[in-house]
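Written out below as structure tokens is the structure these notes cover.
The values are calculated or read from the model by the stated rules, or taken from the named source; none is laboratory data. All values derive from a computational prediction rather than experimental measurement. All Cβ positions, even for glycine, are placed from backbone atoms using ideal geometry, and neighbour counts span all protein chains on display. Quick note on the areas: whole protein, heavy atoms, side chains included, nothing else; ligands and nucleic acids left out. Shrake-Rupley method; radii C 1.70, N 1.55, O 1.52, S 1.80 Å.
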Amino acid sequence: MVSSASDPSRTPVVGLTTYLERAKQGVWDVRASFLPQQYFDAVTASGATAVLLPPQPRATQAAAAVLDGLDGLILTGGLDVQPELYGAERHPATDPARADRDEWELALLAGARERGIPVFGICRGLQLINVALGGTLHQHLPEALGTERYRIGGGVFADNTVEVDADTRLAGLVGAGELGVHSYHHQGVDRVAEGLRVTARTDDGLVQAVELPGEDYLVAVQWHPEENAEDRRLFLGLVAAAARYRAARTSSEPQGVPA
């Protein structure tokens, strides 16, 4: 009998990392795993099955077990990456450390790259990818660039325009040239990690997207594409890559013996 894991007709499974924060519901006030619905709606609307991935202990072992069932990985937005990971002193405006989430996502990213699993980073996800590969971050853009244009606050996403470079994987998904995006961040890429290609910037020079050249799919953007329900192109690109990964994996797996 062929297991469902090796069923070539199954939709690709995409994992999304989640927050682990204090949350209230009715009489309950507890630390909980959660993720805004827009993220997994974007995945399911793009033709994949979404699986939520909260931070877990023994991150390396847990990530290995989880990744064996995934065809794609999305590193989602959230609080700041620890500056200690890139050798910087903590800025007063930097969020309190979320060491459990950083360790979990670094383990997932490393395991995904070892397996060739397609990866898509969003906001914090882009920053974590850059740090994981050896880059650094601006901890507070209003101080570094003199502007509040990327986080106006109050839970309201700022509108910005990025310039997408031609002849990039990103341009193949959304087109080259100007693209309107939704921003909500106060940190950004400072030194770009070796090996990453910058594929979009804003007019002040801030890195807005990166990708990893080569066959393996790794795309990351600084903005929040899940907030634009009318434009699923970035999610469709990740799901298409996940489907290709699944097809290649399935074809290389030994087939089960009929019962």
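Observations on the structure shown:
- All conditions in (1) modelled with pLDDT under 95; (2) loosely packed, with under 12 Cβ neighbours inside 10 Å hold for Y19, with the sole exception of (2).
- Residues of region 185-201 satisfying the condition of being open to solvent by less than 10 Å² (accessible area, probe 1.4 Å) and either touching a strand residue (DSSP E or B) at 6+ places or on another chain (Cβ under 6 Å) or more than 21 Å from L137 (Cα to Cα) (or both): Q187, G188, V189, T199, A200
- Residue within region 185-207 that is in a helix (DSSP H, G or I) and either under 20 Å from L73 (Cα atoms) or among the charged types (D, E, K, R) (or both) present: no
- R151, sole failed condition from (1) touching a residue at least 60 places away in the same chain (Cβ under 8 Å); (2) in contact with a His (Cβ under 8 Å, 6 or more places away or on another chain); (3) among the charged types (D, E, K, R): (1)
- Of all the criteria given as (1) out of contact with any strand residue (DSSP E or B) (no Cβ under 6 Å at 6 or more places or on another chain); (2) of a type in the set (A, V, I, L, M, F, W, C); (3) under 25 Å from P225 (Cβ atoms), the one not satisfied by A93 is (3).
- Residue that is surrounded by the most Cβ atoms within 10 Å (Cβ to Cβ), among those in region 135-148 that are touching a residue at least 40 places away in the same chain (Cβ under 8 Å) and assigned to a loop (DSSP other than H, G, I, E, B): Q139
- From the options D100, D80, residue that is in a loop (DSSP other than H, G, I, E, B) and either aliphatic (A, V, I, L, M) or closer than 27 Å to Q37 by Cβ (or both): D80
- Pairs are defined by a Cβ separation below 6 Å, a sequence spacing of at least 6 or placement on different chains, a first member in region 57-81 that is over 17 Å from L238 (Cβ atoms), and a second member that is open to solvent by 40 Å² or more (accessible area, probe 1.4 Å); the pairs so defined are A59/E103; A62/Q56; G78/Y19; L79/R98.
- Complete set of residues in region 156-184 that are under 19 Å from the mean Cα position of the chain (by Cα) and open to solvent by less than 10 Å² (accessible area, probe 1.4 Å): V162, V164, L170, V181, S183
- Test: R113 is open to solvent by 40 Å² or more (accessible area, probe 1.4 Å) and either within 18 Å of A241 (Cβ to Cβ) or at pLDDT below 95 (or both): yes
- E89 meets each of the listed conditions (1) of a type outside the set (S, T, N, Q); (2) within 20 Å of G237 (Cβ to Cβ); (3) open to solvent by 40 Å² or more (accessible area, probe 1.4 Å) apart from (2).
- Enumeration of residues in region 77-109 that are within 16 Å of the chain's Cα centre (by Cα) and farther than 17 Å from A242 by Cα: G77, G78, L79, D80, V81, R101, D102, E103, W104, E105, L106, A107
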